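Just so it is clear, none of the values below were taken in a lab; they were calculated from the coordinates. These figures come from a predicted structure and were not determined experimentally. We place every Cβ from the backbone using ideal geometry, glycine too, and count neighbours over all the protein chains shown.
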Amino acid sequence: MVLAAIADQITRSVDLVTDTLTAPFSEPVIRLGVTGLSRAGKTVFITSLVANLMDRGRMPQMRAAADGAIRTAYLQPQPDDTLPRFEFEDHLRRLTSPTPSWPDGTRHISELRLSLRVQPTGLLSGLSGPRTVHLDIVDYPGEWLLDLGLLDISFAEWSKGAIARAAGRPGGDEFLETLGAIDATAKLDETQAQALATSYTAHLNASREAGFSDCTPGRFLLPGDLAGSPVLTFAPLPTGSWSRGSLGRELERRFESYKRNIVKPFFRDHFSKIDRQVVLIDVLGAIHAGPPAVADLKQAMADILGAFRPGRNAFLTRIFQGRQVEKILFAATKADHLHHTQHPQLTAITEALLREARDKARFAGAQTAAMSIASLRTTVEQTVEHRDGPLNVVQGQLLGSGKQAAFYPGDLPSDPSHLLAPAEEGAQAWLDADYQVMNFAPAPLTLRPGDGPPHIRLDRAAEFLFGDRL
Ligand SMILES: Nc1nc2c(ncn2[C@@H]2O[C@H](COP(=O)(O)OP(=O)(O)O)[C@@H](O)[C@H]2O)c(=O)[nH]1
Ligand SMILES: [Mg+2]
């Protein structure tokens, strides 16, 4: 423990030393973290943001783009040699091809450096020449932030919670059955360890599929190249006392190893260096899945946002060393499923969903905002005649069938508590409304020169996140 603490400190101090050494000669860098649970829209967000920063015709609400201060924007080799590069060109090609498609799911952290050549405008414009600002975009799964909570708890405590959640959730009963057939006090048998881990992972994946967000350990869902390694081959066990060499003792050891070798390095090496953060949230998807998914999303977001409170635990305080994330944007994604008249409701629901968690983050001094956005707009708005009068709908091409469809997702309540109260009280279905979500395919684009892909409020998001630094 002490050794690990010292090691954390050394890495940070070395960073600080190199920072100060290179600072006078180097250009300003903004490290923008992009996170959200799987399928929240991270890949599409980064792809569209970068494309719209390179071709700024659709960024009127971003000051430095609108007044011409940004002269050019270009991709450069990223600073971290050991992180995978965000496959911008690939993703953009798919989204903008004549037969567009959504990107494949990504399961890794990745990084991209976009450099902006900025000439200050206005009063002081003549006094200084253009300067270069680097925007380092780091894409990482929100599931990894949930793991922070594991640092505060023991294997026994984690097991207790995980087993309690399993009952009744998808795949949970199967896991509990597998667990019931295994004696954790017996000598370690690797086949049994694997059977438990496989069954537990299947349960986590099925729960995630069904809209539950609260699924730890995060790497079980997104194992990357660690799949099958011992550090991911464990599962929760009923409380017990285990002797040396037993299955129970070994799984407990692996849980501790997971925290030390996976959770901590991510926070120390990547998370602690982020200046600005956007948290993408598929609020519409959760509303569509029903009250339990909304309640669970609320809990998961509270856990995720706990990571942005530096005082939260000793480890975080140590790696941040007084620094902090300066701005956090909470963005409800895929707002193109709604007519714009319903966007204020979506934003209000997002704010209400995050209220408790946000108050704490704000308390720590970070500036926060909530918005409804669409990184890639796939629909057009229409008003159609309906028996009760005109109805505001969106129209787009359906994923799968490829058919054009007009779509009315249900009236979101203007009072968010109409959704959040039933969710918190454990309702299983919405009483008086059926909120549908259709999956639209990206629409084939004909872009004018100078225009990036169509979006909703991506320019406002960019202005909030880093407009002040340009
Ligand atoms: N209509 C619409 N769908 C979106 C948008 N962004 C993401 N999606 C959908 O959400 C899915 C997941 O997005 P992706 O960026 O891959 O999520 P990630 O797992 O967080 O990287 C996509 O395949 C799309 O179906 C958007 O702006 N509009
Ligand atoms: Mg992705």
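Annotations for the structure displayed:
- The stretch between Gln395 and Ser26, if pulled fully straight at 0.36 nm per residue, gains 128.0 nm over its current Cα-Cα span.
- Among Ala369, Ser26, Ala406 the positive-end extreme of the charge dipole of the chain (Cβ point charges): Ser26
- What the phi angles of the range 457-470 give under the Karplus curve with 6.51, -1.76 and 1.60, with θ = phi - 60°, is a coupling list of 6, 5, 5, 5, 4, 5, 4, 5, 6, 9, x, 5, 9, 9 Hz, glycine and proline written as x.
- Among the lysines of the range 273-412, pairs that are 8 or more positions apart or on different chains and have alpha carbons within less than 20 Å of each other number 5.
- Derived scalar couplings ³J(HN,Hα) [the range 432-444; Karplus, 6.51 cos²θ - 1.76 cosθ + 1.60; whole Hz; x for Gly, Pro]: 10, 8, 10, 8, 9, 10, 9, 9, 8, 8, x, 7, x
- Stretching the chain fully between Glu385 and Ala181 yields a gain of 67.4 nm (0.36 nm per residue, less the alpha carbon separation).
- Karplus-derived HN-Hα couplings along the range 70-77 (A = 6.51, B = -1.76, C = 1.60, θ = phi - 60°), whole Hz, x at Gly and Pro: 6, 7, 8, 9, 8, 7, 9, x
- The range 200-271 and the range 20-93 have Cα centres spaced 32 Å apart.
- By the rule of a C-alpha distance below 17 Å, with chain neighbours fewer than 8 residues away ignored, the aspartates and glutamates paired with Lys42 are Glu87, Glu89, Asp90, Asp104, Glu111, Asp136, Asp139, Glu143, Asp282, Asp336, Asp459.
- Added length on full extension, which subtracts the Cα-Cα distance from 0.36 nm per residue, Arg323 to Glu356: 9.6 nm
- Label zone of Ser243 (point 7 Å out along Cα→Cβ, amide N under 14 Å): in the range 177-201 this covers 184-188.
- Long-range amide H partners of Phe330 with built H, under 5 Å: Val279, Ala369, Ala370, Met371
- Distance in nm between pseudo-label sites at Tyr435 and Thr121 (7 Å out along the Cβ direction from Cα): 3.8 nm
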